[in-house]
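For reference, the structure discussed in these notes is given below.
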Amino acid sequence: MNLNFRKNSLIFIELILISILALALEQIIATISGGIEWMPSLLLLVVIFSGLSLGGFWGAFVGFFNGLFYSSITLSNIGLQTFCWCLIGLLAGRIKARFFLDSTISKMFFLFILLVIERLFSKILV
């Protein structure tokens, strides 16, 4: 078996498990809080951090599958969520390649910027 294929499949399985846990945690927080006006999606945070840490391909890949997963669970528009999150994951990977992101402050800044971009895309395309 090819070692690279094994490594990529383990990364994929880890990201799927993290995504499932993030969605469960998000639903628990939403239930306990009783209706927060706006809360960032933990699945989107998984997409952004996978793009920042693993690159644009994995960010877009995780964004695509998390968008499909989130849209099917919440019964929202599947294509819109998938496209936005795939684009956000790709942008996160491209940002990683262009900027110095070793400090925590710069990662938080780009996380905030990407969350704002996702909200703008969601409002424009709806």
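Could you please find all residues in region 55-97 being on the phi > 0 side of the Ramachandran plot and in contact with a helix residue (DSSP H, G or I) (Cβ under 8 Å, 6 or more places away or on another chain)? Residue satisfying the conditions is Gly55 alone. Test Ile117 against the stated conditions and say whether it is modelled with pLDDT under 85 and either surrounded by 19 or more Cβ atoms within 10 Å (Cβ to Cβ) or outside any helix (DSSP H, G or I) (or both). For Ile117, the condition - modelled with pLDDT under 85 and either surrounded by 19 or more Cβ atoms within 10 Å (Cβ to Cβ) or outside any helix (DSSP H, G or I) (or both) - is not met. Would region 17-38 turn up any residue that is closer than 18 Å to Ile117 by Cα, at pLDDT below 85 and within 11 Å of the chain's Cα centre (by Cα)? Checked region 17-38: no residue is closer than 18 Å to Ile117 by Cα, at pLDDT below 85 and within 11 Å of the chain's Cα centre (by Cα).
The values are calculated or read from the model by the stated rules, or taken from the named source; none is laboratory data. Computed from a predicted structure; not experimentally measured. Cβ coordinates were reconstructed from backbone atoms using ideal geometry, including for glycine residues, and neighbour counts include every protein chain displayed.
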